[in-house]
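Each reported figure results from applying straightforward, stated rules to the coordinates on display, with no laboratory input. For clarity, every value in this text was computed on a predicted model and none was experimentally measured. Cβ sites come from the backbone with ideal geometry, for glycine too, and all protein chains shown count toward neighbours.
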Amino acid sequence: MHLTIGWLYPKLMSTYGDRGNVICLERRCQWRNLDVSVLPLDQNTDVKTFQEFDLIVGGGAQDRQQEIVMRDLQGKKAEIMKEKINQGIPGVFTCGSPQLLGKYYEPAMGQKIEGLGILDLVTKHPGQNVPRCIGNVAFDIVPSILANDLEEMFGESPTVVGFENHGGRTYLGDVSPLGKVVKGYGNNGEDGFEGAFYQNAVATYAHGPLLPKNPFLADWLIIKAIEQKYHQKITLIPLDDTLANKGRKAMLKKILA
Ligand code: GLN
């Protein structure tokens, strides 16, 4: 078995440390002796190669970089992304990335950026004078399909922790939220929702990075990638996540205090 992790625009979309999600997925595969490779997807990637991912990761970015990325993604690359996500190829998209997967993003300055329209959501930046949403965030998983999988795999659907830092406010249309905020701003600081969940795509404002802090989500993504590619249900060999779990619980205690 071999998995290819596609990494969206590593140079332009690595401002917020979400590269840790790529490392986490890669290592958790290697520790199980699953063959894995990381494929950067950027301006130098031809259309044929752009299709070769089994799992995709997109990190946060600043407004200016998001605009460059969107220009490059228009056309065939956008179609590929849409088709693969619609098919159920799993992915984790953080902050600037979900903004691009939505219908549009209105940045603090400059022109509205048209999104890929894969997720039914819109994002608006209220302007540079309005405070950004910054701080630790905790949320409970909303989609029952994901919560049930996690319960089956780990005996519970744990509360997710992360760190958010965004100016844009996201409003969901006809798409499920990923989480219900326990602490923090979430999508917009108003409706109590965090992120979005569509097919096997996890979209979130939680940096941290998300997956090393919440490794159960990394394993869920790996399992889904294998299911999609090999049409086979598998159980992953459990790893010793004692430290990560302790860290998550300590963080929860701190932010809920
Ligand atoms: N530029 C976007 C915003 O400020 C995304 C930020 C991010 O990816 N952390 O909303």
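Points worth noting:
- Residue match in the range 99-106 (condition: over 30 Å from A244 (Cβ atoms) and in contact with a His (Cβ under 7 Å, 6 or more places away or on another chain)): yes
- Test: residue in the range 67-84 that is away from the ligand (no atom under 16 Å from the Cβ), closer than 30 Å to I234 by Cα and within 13 Å of the chain's Cα centre (by Cα): no
- I80 passes every criterion in (1) touching a Phe, Trp or Tyr at 6+ places or on another chain (Cβ under 9 Å); (2) under 18 Å from Q228 (Cβ atoms); (3) surrounded by 21 or more Cβ atoms within 10 Å (Cβ to Cβ) apart from (3).
- Of all residues in the range 178-198 being under 27 Å from D54 (Cα atoms) and out of contact with any Pro (no Cβ under 8 Å at 6 or more places or on another chain), the one that is nearest to the ligand (Cβ to nearest atom): G179
- Residues located in the range 189-203, provided they are surrounded by fewer than 24 Cβ atoms within 10 Å (Cβ to Cβ) and part of a loop (DSSP other than H, G, I, E, B): G189, E190, D191, G192, Q199, N200
- Considering the range 174-188, and only residues there that are in a loop (DSSP other than H, G, I, E, B) and touching a strand residue (DSSP E or B) at 6+ places or on another chain (Cβ under 6 Å), the residue that is nearest to K82 (Cα to Cα) turns out to be V175.
- Unique residue being within 22 Å of G168 (Cα to Cα) and of a type in the set (V, I, T) when the list is V22, V92: V92
- Answer residue from the range 105-119, given it is within 12 Å of the ligand (Cβ to nearest atom) and small (G, A, S) and is farthest from A203 (Cα to Cα) among those: G110
- Scoring E164 on the criteria (1) surrounded by 20 or more Cβ atoms within 10 Å (Cβ to Cβ); (2) more than 16 Å from the ligand (Cβ to nearest atom); (3) acidic (D, E) leaves a single failure, condition (2).
- Selection count, the range 120-130, where residues are of a type in the set (A, V, I, L, M, F, W, C) and either part of a strand (DSSP E or B) or more than 13 Å from the ligand (Cβ to nearest atom) (or both): 2
- Enumerated helices (runs of 4 or more DSSP H) restricted to the range 1-114, each holding at least 3 residues that are in contact (Cβ under 8 Å) with a residue 40 or more places away in the chain and touching a strand residue (DSSP E or B) at 6+ places or on another chain (Cβ under 9 Å): 19-30, 63-73, 96-101
- Out of E190, E227, sole residue that is without any contact (Cβ under 8 Å) to a residue 40 or more places away in the chain, more than 22 Å from Q30 (Cα to Cα) and of a type in the set (D, E): E190
- The set of residues in the range 149-171 being part of a strand (DSSP E or B), under 17 Å from P126 (Cβ atoms) and not acidic (D, E) consists of N165, H166, R169, T170, Y171.
- Of all residues making up the range 52-66, the number that are away from the ligand (no atom under 16 Å from the Cβ) and loosely packed, with under 14 Cβ neighbours inside 10 Å: 1
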